[in-house]
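Undergrad: Would you mind keeping the following structure in view while I ask a few things?
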Amino acid sequence: MIVGTVAVVATAAAGIVEAVAHHGPPATADRPVVITLAARPMSYLGAFARGAPASYAPLDAFAVETGVRPNIALYYSGWGERFKAAFAWQAARHHAVPLVQIDPGNTRLSLIADGSSDAYLESYARQVARYGAQTGQAVIIGFGHEPNGNWYPWGFGHASPAAWVAAWRHIVTVFRRQGADDVTWLWTVNIIDIRGGITTPGSWWPGARYVTWVGIDGYYYERSWKFASLFGPTIRAVRALTRDPILISEAGAAPQADKPAKISDLFAGIRAYGLLGLVWFDVDGTRDWRIDSPAAVAAYRAGAREFGSPVS
């Protein structure tokens, strides 16, 4: 029997959850903080902007630029870094859910799975549980994102899928032992591109007990690319594993791909496939993915209106 539970069902859009105060003893497996995010299609419009999580200002600037306030605030966390509670609190004040992609860097996955990093993970989990207890807000967490790609040391061709799965399962187990059940676990894979060395993701599937949502990352590089051909094969591969809700967890469109048209195509695809929503990667990186032209802004605002998101 579970006693002393703090339980909340979170809803998307403005006012994600009602705050819940927790003044009792720290969370444990017997007194977990339980917060469940709503999983309605077309509910989430998130963003990542360079400068997060040191500051929330880049996401404020994204909201001003697009006229759409993100309700998911993405940041990336290196192995050994603490949970960025100040950023998470800022997200909560902006009616957004923090999404943390924890990446192991060059840490051997076996040293995560065998408990060698448990002191770090337990501390992180307690911080996340404390945040949930104090705010009533959930946290979305991924680990070792895009493992079916070959560009990260934890990914395809560098580490075995079995080692990755063992590390993922151990992390989830540690968090649950610390009572951090305010976490939505986002298993995040890249779109399949066999010719590009991005394989099907099934070998990295941790199992239904260890996953809440599925994230798929993908970018439009060419004018001819469409949602069905870009994301469709990966969605079908995921659906062979699970019926868990799917979030497009990183997306962007290169300028040469006709960014406004691709933004419209992205929203249409999410609607057609019944997905949760998207997280826009608003960075000038390998390409300029930013929504920074009047036509791109107009396309994004039009898509947001279909989601029912407030547009200023």
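Undergrad: Which one of these is under 25 Å from R239 (Cβ atoms), surrounded by fewer than 24 Cβ atoms within 10 Å (Cβ to Cβ) and touching a strand residue (DSSP E or B) at 6+ places or on another chain (Cβ under 9 Å): G149, G136?
TA: From the options G149, G136, the qualifying one is G149.
Undergrad: Here's another thing I want to ask about it. In the set L247, L275, which member is in contact with a Gly (Cβ under 6 Å, 6 or more places away or on another chain), buried (at least 20 other Cβ atoms within 10 Å of the Cβ) and not in a helix (DSSP H, G or I)?
TA: Sole residue among the options that is in contact with a Gly (Cβ under 6 Å, 6 or more places away or on another chain), buried (at least 20 other Cβ atoms within 10 Å of the Cβ) and not in a helix (DSSP H, G or I): L247.
Undergrad: Checking G115 against (1) part of a loop (DSSP other than H, G, I, E, B); (2) closer than 30 Å to A296 by Cβ: exactly one of these is not met. Which one?
TA: It fails just one condition, (2).
Undergrad: Has segment 216-238 got any residue that is surrounded by fewer than 17 Cβ atoms within 10 Å (Cβ to Cβ) and either modelled with pLDDT under 95 or within 27 Å of S110 (Cα to Cα) (or both)?
TA: no
Undergrad: Quick one: what pairs do we get from segment 301-312, first residue more than 18 Å from V64 (Cβ to Cβ) and of a type outside the set (D, E, K, R), second surrounded by fewer than 20 Cβ atoms within 10 Å (Cβ to Cβ) and modelled with pLDDT under 85, C-beta under 7 Å, 6+ apart or different chains?
TA: Listed pairs, sorted by first residue: G308/A13.
Undergrad: Filter segment 10-66 down to the residues that are on the phi > 0 side of the Ramachandran plot, surrounded by fewer than 16 Cβ atoms within 10 Å (Cβ to Cβ) and modelled with pLDDT under 95 and list them by number.
TA: G15 - this is the single residue of segment 10-66 that is on the phi > 0 side of the Ramachandran plot, surrounded by fewer than 16 Cβ atoms within 10 Å (Cβ to Cβ) and modelled with pLDDT under 95.
Undergrad: Can you run down the residue pairs with Cβ atoms below 6 Å, 6 or more apart or on separate chains, where the first is in segment 37-50 and touching a residue at least 60 places away in the same chain (Cβ under 8 Å) and the partner is β-branched (V, I, T) and in a loop (DSSP other than H, G, I, E, B)?
TA: Sorted first by the residue in segment 37-50, then by its partner, the pairs are R50/V283.
Undergrad: Is there any pair linking a residue in segment 189-204 that is farther than 16 Å from W164 by Cα to one that is of a type in the set (S, T, Y) and at pLDDT 95 or above, with Cβ under 6 Å and at least six apart or on different chains, and which?
TA: If the second residue must be of a type in the set (S, T, Y) and at pLDDT 95 or above, the pairs left are I191/T234; I192/T200; I192/T234.
Undergrad: Just one of I263, I270 is outside any strand (DSSP E or B), under 28 Å from W185 (Cα atoms), out of contact with any helix residue (DSSP H, G or I) (no Cβ under 7 Å at 6 or more places or on another chain) and β-branched (V, I, T); which is it?
TA: It is I270.
The values are calculated or read from the model by the stated rules, or taken from the named source; none is laboratory data. If you're wondering where the values come from, they're calculated on a predicted model, not measured in any experiment. For neighbour counting, all protein chains shown are included, and Cβ atoms are generated from backbone atoms with ideal geometry for every residue, glycine included.
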